[in-house]
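In what follows, a single structure is set out as structure tokens and then discussed.
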Amino acid sequence: MDMEQARYNMVEQQIRPWDVLNQGVLDLLFKVRREDFVPEAHRALAFVDMEIPLGHGQTMWTPKLEARVLQELDIRPGDRVLEIGTGSAYLTALLAFQAANVVSVDILPEFTAAATQKLRAHGFGNVVLHTGDAARDWPDEAGFDVIVLTGSTPLLSDAFLPRLKVGGRLFAITDEAPVMHAQLITRTAPGATRSVTLFETCVAPLMNAPQPAAFVF
């Protein structure tokens, strides 16, 4: 398999047509090798427009979703990023390449252990990995410029917004299957936010994500 041709095809046939035109994001996809973060059994599918299984009911995002989210978050070199759901650590690596620091949390210790090895092998020294449940909050008094939830959440916890610095951006996929909404929330001032719905999609939920109250008759 010609990996470089497959990578080029992924960018030109999947990612550009999904309105990802930021050249910095497109260049990054050639620098961070997606196939190195895909489970070995699925390496041949690294550039396919599909969610690749990671085990434990979790999957990688599609390449076009990864790229579109990076474009929307507009990460800057001084940004401090919180990623909720490390998964394969590929998105973690993309975030770390652009930002000053990344804190990534996964509820599954197997994912954290594998991510530690992968990120170390690729020379990323600006990532701190934790094993824990961050679906509702991740206490950190320093605050973040960017927060990204890599699993969907039927309800977005109110605890995340105070973790954002003014000017900070939060990406979350909210609501429930079959139609979920990708949201970009910007903290415009203390106590004030602006929310934009970017597109519809459907991805696996975060473990222990907040649920809407059930109706009782």
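The values are calculated or read from the model by the stated rules, or taken from the named source; none is laboratory data. Please read all numbers here as calculations on a predicted model, not as lab measurements. Virtual Cβ from ideal backbone geometry, glycine too; neighbours counted across all protein chains shown.
No other residue among 103, 166, 81, 146 is in contact with a His (Cβ under 9 Å, 6 or more places away or on another chain) and either of a type in the set (Val, Ile, Thr) or at pLDDT 95 or above (or both) apart from 103. Per the conditions (1) under 24 Å from residue 59 (Cβ atoms); (2) surrounded by 12 or more Cβ atoms within 10 Å (Cβ to Cβ); (3) over 16 Å from the mean Cα position of the chain (by Cα); (4) not charged (D, E, K, R), the sole criterion not satisfied by residue 172 is (3). Scanning segment 182-217 for residues that are within 18 Å of residue 136 (Cα to Cα) and in contact with an Asp or Glu (Cβ under 7 Å, 6 or more places away or on another chain) yields 184, 208. Taken together, the residues in segment 1-56 that are among the polar types (S, T, N, Q), part of a helix (DSSP H, G or I) and in contact (Cβ under 8 Å) with a residue 12 or more places away in the chain amount to 2. List every residue pair whose Cβ atoms sit under 6 Å apart, with the two residues 6 or more apart in sequence or on different chains, where the first one lies in segment 123-142 and is closer than 12 Å to residue 157 by Cβ and the second, anywhere, is among the β-branched types (Val, Ile, Thr). From segment 123-142, the pairs are 133/107; 134/84; 134/105; 138/105.
Counting only residues that are over 17 Å from residue 4 (Cβ atoms), surrounded by 15 or more Cβ atoms within 10 Å (Cβ to Cβ) and touching a helix residue (DSSP H, G or I) at 6+ places or on another chain (Cβ under 8 Å), segment 25-52 holds 2 of them.
Here is a yes/no grid of residues against (1) farther than 29 Å from residue 212 by Cβ; (2) in a loop (DSSP other than H, G, I, E, B):
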| site | (1), (2) |
| --- | --- |
| 93 | yes, no |
| 96 | yes, no |
| 103 | no, no |
| 113 | yes, no |
| 119 | yes, no |
| 138 | no, yes |
| 157 | no, yes |
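In the set (1) loosely packed, with under 12 Cβ neighbours inside 10 Å; (2) part of a strand (DSSP E or B), residue 130 fails one condition alone, (1).
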